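Down below is the structure, laid out as structure tokens.
The values are calculated or read from the model by the stated rules, or taken from the named source; none is laboratory data. What you see is a predicted model; the values in this text were computed from it and never measured. Please note: Cβ atoms are built from the backbone with ideal geometry, for glycine as well, and neighbour counts cover all protein chains shown.
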Amino acid sequence: MAPVVKVEGLRVTARDGRGQQNVIVNDVSFEVNSGEIIALIGESGSGKTTIALSLMGYARSGTRIAGGKVTFDRREILSLTQRELSSLRGRDIAYVPQSAAASFNPAKPLLKQVIESSQIHRVMAPAEARAKAVSLFRELGLPNPELLGTRFPHQVSGGQLQRLLAAMALVTDPKLIIFDEPTTALDVTTQIEVLRVFKKAIKERGRTAVYVSHDLAVVAQMADRIIVLRDGAIQEVNATQYILTAPKSDYTRTLLAAAEPQARAVTRQASGTAAASVIEVKNIVAGYGARDREGFPAVPILRDVSLAIRPGTTLGVIGESGSGKSTLARVIAGLLPAARGEVQLNGVALPKSAAARTRDQLRRIQIVFQMADTALNPARPIGRILGRPLEFYHGLRGARRARRVAELLEMVRLPATMAERYPGELSGGQKQRINLARALAAEPSLILCDEVTSALDTVVGAAILDLLVELQRELGIAYLFISHDLSTVKAICDEVMILYAGQIMEHGTRGALCQRPLHPYSELLISSVPELRQGWLEGISETVLKEASGGIVRRAGAACSFFERCSLRIPGRCDVEPTPLRRFSKGADIRCQRTETELIELAAQRDANEISGRPEISEPRDFGPGRGAQLIAW
Amino acid sequence: MIAAQKAPASARRRLRLPLAGIIGAGIVAFWVLMAIIGPYIAPHDVGALIDNDLFGRMRWGLPLGSDYLGRDVLSRILVGTRYSIGVAAAATFLAILMGGTLGMLAAVSRSAVDMVLSRFFDMLISIPSKMSALVVIAALGSSIPVLIATVAVIYTPGAFRIWRALSVNVNALDFVEVARARGEGTAYLIREEILPNILGPVLTDFGLRFVFAILLLSSLSFLGLGIQPPNADWGSLVRENINGLADGALAVVMPSFAIATLTIGINLVIDNLPGRWSSTGER
């Protein structure tokens, strides 16, 4: 049987700013067989999206398909006219883009948009299409399938939008579906559900799919075969199991190594417990919107959050989007004055707003943002961006300033010539290094790192983490490290705090988070991180699935905000009484009505049920049944 | 890692204008030069009646013919350049200076300051501009300072709105937040973080507003409230020779042509500015 797609010697070129043609995809050939899911994996700039788009005969503006042959369903894609391509796209080949929110028209109801392609191509009557869409909604596990179509894009969550995009793609029963990083923008908990329904929908229909991603662990769940790309050329093509277990190319090994979590944090002596905290946050309440008579904000984001960081250590803050992680950093930096509570720097209470703090207080706390692109002023050269804090805090000028800029660049492993460049000329990783250098220029005691590696490729992000750890060792800076990615936090943090809807759920040492008993939410987060092995997605327990599918619900008052999703909740108590923050013997604070022994027993029971209910799982879970408090491999 | 850090040699930023930009720059430079030297190279006195014909044809000695009183059109245009460009440029500059600065201030300060300034300019913008100009000039009499001030005040709210809208977008970006967390003052935020990043669109706005100012001045002159005789800016030249329109007299065509070339020239330059000066922005 002929393959559905056959790509031979594909070459794509792009014109750069000076009008020169650069080859971005060079001599790529592969086949996709019927009913197969093939993954294109690589870092940004590896040409994976470009290749995926060229399967539809599409080249993004500025790029050109310069050579090669793409055969789809016995038709020569690259020699088709625009009209022929239009009749193909959306009907025989469907595309699911990364950003669901940007892919829907906010002014039209969802159902109309989902069935749009079927109406353009006139493959079925409107009534039939609507019925089909509703059955797809049901199949994709969307809530309230009958009525969902009448809602508008802003009324549903990100994970639901992504599933609606898949419904849109599936409605015409295309022969090939291209998924372009469909879950990259989602939380891990949301990702599980989306991946599961995608896989089920494709496999049950026997569809052929191309799955583009940079995340090896996700790809391991989805793909039958993996194509590893780098700089527009194929490094390795093989079945998923072989890529994971017996990689042939060096580059694949690098990718695997970067995806494999490894501890980077410096092992420190326990003597640190006596050292005074560099920063102490006490009972912070902060939010947005109008304040009421007692100064309580209309939309509270942080509710009674306290923490302390000792010099030279790292506190990791994890949570889903909307948990208040970034708000915490903004409160500490004084960008969002807290409604209540206090931030202390070296034992001295700081004014709530940055404008009221002294220059020295400001100098000691620096912030590094997630989006390296927007964190650097594009109209100023690097030398000036780095020079400003030197001048502002240390009064350095002229040659001394230039020398210090060169030193800073050296510190973040960039050449000194970088000082003349503009941010637009730098890569994402380089920009993030400059961001870090700017924070270092102030010679701070604490750097607030807000998702600093989230927007970077795995390999580049790993290099940034290494740099952070090295700098900490050399300069003794404390970090508040915010991330939604457990493995990153695990890699560099001494202590970890888990936030949910602005409440601390668990706070303890890194080691304590590897031990049962865990807060039910911590348990959920840990089990939601995709593992680098096949079959992980299928092996997820029902409890986790149920918990993962709920979104953050903000509750007023001091009751537990995780109540709606929790599998261990006690109705009538958890949702009514204020939840105590208990000190557990493993050395962590956990906010839960359940006691330590209860949590241990319940976790053991849950594991036992799970195993008995799923005898097909051959690989033992890292935490087996009935063993109570023990190490979880993460 | 080392290899990844070495980006291709930085392309030197050359200020290269495309052809359309060069043409525009040529036209603008020509008129600016005329504004400076116009009165000295004008072949005749602006007020001198030298032709017996009214709306005389072009001939040797009167290259653009004569106007409705038999005065030399070329001389009158050359002398008028100064008034048209000078008053419009001064007024636009003032409008941008006031509106732009306050617009950026409103965006950076947010909350109360923004509220007060925005509502104030909303109020100003709700007054019909030509009517208020007529009232002001009727009350104070037409003189160049009054004209400049009036036109400047009329265009300030528009400039405020554009500058504020552009600044609000930049103000939301992380690098401004970083500067704020560093403890920078409002003046620094405006000068270093906001202004360089809105230059392109703001220059386009300047060009448009300059053109509007020329048109407003021309229409004021057309009503007889602009530059007073015997001097005349281009707008007044069009008005006073309007009777020649039916005959296609050069006396009315040429000043119109001057207004058209200047406005087109300015827009050509602004639309073709390179790099971060460009209206679309480089990013």
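Can you report the number of residues in region A:358-396 which are of a type in the set (Val, Ile, Thr), closer than 15 Å to residue A:433 by Cβ and touching an Asp or Glu at 6+ places or on another chain (Cβ under 7 Å)? Residues that pass the stated criteria total 1. In region B:162-184, the count of residues that are among the acidic types (Asp, Glu) and over 21 Å from residue B:105 (Cα atoms) is zero.
Considering only residues in region A:353-372 that are farther than 21 Å from residue A:431 by Cα and among the aliphatic types (A, V, I, L, M), the one that is nearest to the other protein chains (Cβ to nearest Cβ) turns out to be A:362. Kindly check whether there is at least one residue in region A:98-118 that is in the same structural domain as residue A:12 (by TED's automatic domain parsing), on the phi > 0 side of the Ramachandran plot and buried (at least 18 other Cβ atoms within 10 Å of the Cβ). The answer is no, given that none of the residues of region A:98-118 is in the same structural domain as residue A:12 (by TED's automatic domain parsing), on the phi > 0 side of the Ramachandran plot and buried (at least 18 other Cβ atoms within 10 Å of the Cβ). Taken as a whole, the structure places residue A:521 among residues that are touching a strand residue (DSSP E or B) at 6+ places or on another chain (Cβ under 6 Å) and part of a helix (DSSP H, G or I). Looking only at region A:167-187, decide whether some residue is outside the structural domain of residue A:529 (by TED's automatic domain parsing), under 23 Å from the mean Cα position of the chain (by Cα), free of Cβ contacts under 8 Å to residues at least 24 places away in the same chain and surrounded by 22 or more Cβ atoms within 10 Å (Cβ to Cβ). Scanning region A:167-187, I find no residue that is outside the structural domain of residue A:529 (by TED's automatic domain parsing), under 23 Å from the mean Cα position of the chain (by Cα), free of Cβ contacts under 8 Å to residues at least 24 places away in the same chain and surrounded by 22 or more Cβ atoms within 10 Å (Cβ to Cβ), so the answer is no. Residues considered: A:407, A:342. Of these, the only one that is over 26 Å from residue A:328 (Cα atoms), more than 14 Å from chain B (Cβ to nearest Cβ) and surrounded by fewer than 22 Cβ atoms within 10 Å (Cβ to Cβ) is A:407. Give the residues of region A:387-404 that are more than 12 Å from chain B (Cβ to nearest Cβ) and of a type in the set (A, V, I, L, M, F, W, C), sorted by residue number. Matches in region A:387-404: A:396, A:399, A:402.
Is it fair to say residue A:462 is within 11 Å of another protein chain (Cβ to nearest Cβ) and assigned to a helix (DSSP H, G or I)? Yes; evaluated as a whole, the condition is true for this residue. A single entry from A:365, A:385 fulfils the requirement of being surrounded by 21 or more Cβ atoms within 10 Å (Cβ to Cβ), in contact (Cβ under 8 Å) with a residue 40 or more places away in the chain and either among the charged types (D, E, K, R) or in the same structural domain as residue A:454 (by TED's automatic domain parsing) (or both): A:365. When restricted to residues that are buried (at least 23 other Cβ atoms within 10 Å of the Cβ) and touching a Leu at 6+ places or on another chain (Cβ under 8 Å), region A:29-56 contains 8.
In region A:216-229 there is at least one residue matching the filter, namely being in contact with a Lys or Arg (Cβ under 7 Å, 6 or more places away or on another chain), part of a strand (DSSP E or B), more than 20 Å from residue A:537 (Cβ to Cβ) and at pLDDT 85 or above. Only one entry of B:138, B:179, B:107 meets the criterion of being more than 11 Å from every other protein chain (Cβ to nearest Cβ) and surrounded by 20 or more Cβ atoms within 10 Å (Cβ to Cβ), and that entry is B:107. When region A:413-432 is filtered for residues that are buried (at least 18 other Cβ atoms within 10 Å of the Cβ), closer than 15 Å to residue A:387 by Cα and at the interface with another protein chain (Cβ under 10 Å from one of its Cβ atoms), the ones remaining, listed by number, are A:418, A:421, A:422, A:423.
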